[in-house]
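So the structure is just underneath, and the comments pick up after that.
The values are calculated or read from the model by the stated rules, or taken from the named source; none is laboratory data. No experiment lies behind these values; they were computed from the predicted model shown. A quick note on method: Cβ atoms are made from the backbone with ideal geometry, for glycine too, and the neighbour counts reach across all protein chains shown.
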Amino acid sequence: MFNVCPNCGEYAVEKIIDNSGPYTICPHCHHAHPFLMQPLFLIGGASGTGKTTVCLSLISMLKECVVLEKDILWGMVKTSPTEKYSSWSNVWLRIAKNIGQSGRPVVLCGTALPEQYACGEEANTALGYTHLRLVRPQFRGSTSPVHSILLIRTTLAS
Ligand SMILES: [Zn+2]
């Protein structure tokens, strides 16, 4: 819905963001459409680091957000390591952007590096995001309890 201009009806992903509204500017007719700048919270980390556990806890703690697991759409989007899974991340940016227009920020849980979100066409909508990476000293097979370290990194995609 967001990528279709309400004035001319043309589809465009790459819109200019005018921070004075903020607005998005249609590249076809230059119509300024209100745009909610919502934060996007990314929770990442390798398998076994506790992403799912953290996200399940956040669902009840962050009622103002929509908490989603990236893997629910795995296999439904054509992507590959050669493109650094950017198509995959781009779909999620689009979903988060559209949910955000309803007034609720998205918490997205799944394995991805921040740069995978910065290279897709949806990154041009200038979503600010905070990336929390869960790190576990030892991988699967470890008998030690999970010790997750949160590395907080804030980036504004451009
Ligand atoms: Zn337009």
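Of these, Lys63, Lys78, Lys70, Lys51, which one is without any contact (Cβ under 8 Å) to a residue 24 or more places away in the chain and either within 17 Å of Cys109 (Cβ to Cβ) or among the β-branched types (Val, Ile, Thr) (or both)? Lay out the reasoning, then the answer.
Numbers: Lys78 fails: either within 17 Å of Cys109 (Cβ to Cβ) or among the β-branched types (Val, Ile, Thr) (or both); Lys70 fails: without any contact (Cβ under 8 Å) to a residue 24 or more places away in the chain; Lys51 fails: without any contact (Cβ under 8 Å) to a residue 24 or more places away in the chain.
Among Lys63, Lys78, Lys70, Lys51, only Lys63 is without any contact (Cβ under 8 Å) to a residue 24 or more places away in the chain and either within 17 Å of Cys109 (Cβ to Cβ) or among the β-branched types (Val, Ile, Thr) (or both).
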Note to self: Only one of Ser47, Ser60 is modelled with pLDDT of 90 or more and either surrounded by 14 or more Cβ atoms within 10 Å (Cβ to Cβ) or away from the ligand (no atom under 16 Å from the Cβ) (or both). Can you tell me which?
What the structure shows: Ser60
Item checked: Subset of the range 31-44 [in contact with a Pro (Cβ under 6 Å, 6 or more places away or on another chain) and more than 16 Å from the ligand (Cβ to nearest atom)] -> Met37, Gln38, Pro39
Item checked: Long-range neighbours under 8 Å by Cβ, at least six apart or interchain, first residue within 9 Å of Phe35 (Cα to Cα) within the range 1-25, second among the hydroxyl-bearing types (Ser, Thr, Tyr) and outside any strand (DSSP E or B) -> Ile17/Thr125; Thr24/Thr125
Check: When only residues in the range 6-30 that are more than 21 Å from Val91 (Cβ to Cβ) and surrounded by 16 or more Cβ atoms within 10 Å (Cβ to Cβ) count, which is nearest to the ligand (Cβ to nearest atom)?
Finding: Cys26
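From the list Leu134, Leu127, Leu113, pick out the single residue that is farther than 17 Å from Gln38 by Cβ, in contact with a Lys or Arg (Cβ under 7 Å, 6 or more places away or on another chain) and at pLDDT below 80. It would help to see each step written out before you state the result.
On the way: Leu127 fails: farther than 17 Å from Gln38 by Cβ; Leu113 fails: in contact with a Lys or Arg (Cβ under 7 Å, 6 or more places away or on another chain).
Residue meeting the stated conditions: Leu134.
Return yes or no: is Gly21 under 18 Å from Leu113 (Cα atoms) and either touching a His at 6+ places or on another chain (Cβ under 8 Å) or not assigned by TED's automatic domain parsing to the domain that holds Glu115 (or both)? Please lay out each step first, then the result.
Working: under 18 Å from Leu113 (Cα atoms): no; either touching a His at 6+ places or on another chain (Cβ under 8 Å) or not assigned by TED's automatic domain parsing to the domain that holds Glu115 (or both): yes.
No: the conditions fail for Gly21.
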Notebook entry, point to check: Exactly one of (1) crowded, with 16+ Cβ neighbours inside 10 Å; (2) at pLDDT 70 or above is unmet by Pro81. Its number?
Noted result: (1)
Note to self: Condition first: in contact with a Phe, Trp or Tyr (Cβ under 7 Å, 6 or more places away or on another chain), touching a residue at least 24 places away in the same chain (Cβ under 8 Å), among the small types (Gly, Ala, Ser) and closer than 21 Å to Ile72 by Cβ. Can you find one or more residues in the range 32-44 that meet it?
What the structure shows: no
